[in-house]
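What follows is a short report on a single structure.
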């Protein structure tokens, strides 16, 4: 099999270390935002607005109706 010089792995290995550092920092920031938002808005969190709406709909008998 011929070696492909433009493979993504080859191109990634050519990036400067500062680029990888910026990527890691932004990845951590984005993951923190993602999981914080998910925890706050999860249906498994009884205090979240979506869970309260779901409980209210279930109490009214509107389960599965938009």
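Below are the figures for this structure:
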item	result
Sequence ranges 51-58, 34-41, ranked by mean other-Cβ count within 10 angstrom, highest first	51-58, 34-41
Separation in nanometres of the label points that stand 7 Å from Cα toward Cβ, at residue 27 and residue 52	3.7 nm
Separation in nanometres of the label points that stand 7 Å from Cα toward Cβ, at residue 15 and residue 37	2.1 nm
Residues 12, 44, sorted so that the one with the fewest Cβ neighbours within 10 Å comes first	44, 12
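Taken together, the values in this text are just the output of simple stated rules run on the coordinates, not laboratory data. A quick note: this is a predicted structure, and the numbers were derived from the prediction, not measured. Quick reminder, even Gly has a Cβ in these numbers, built from the backbone with ideal geometry, and neighbours come from all protein chains shown.
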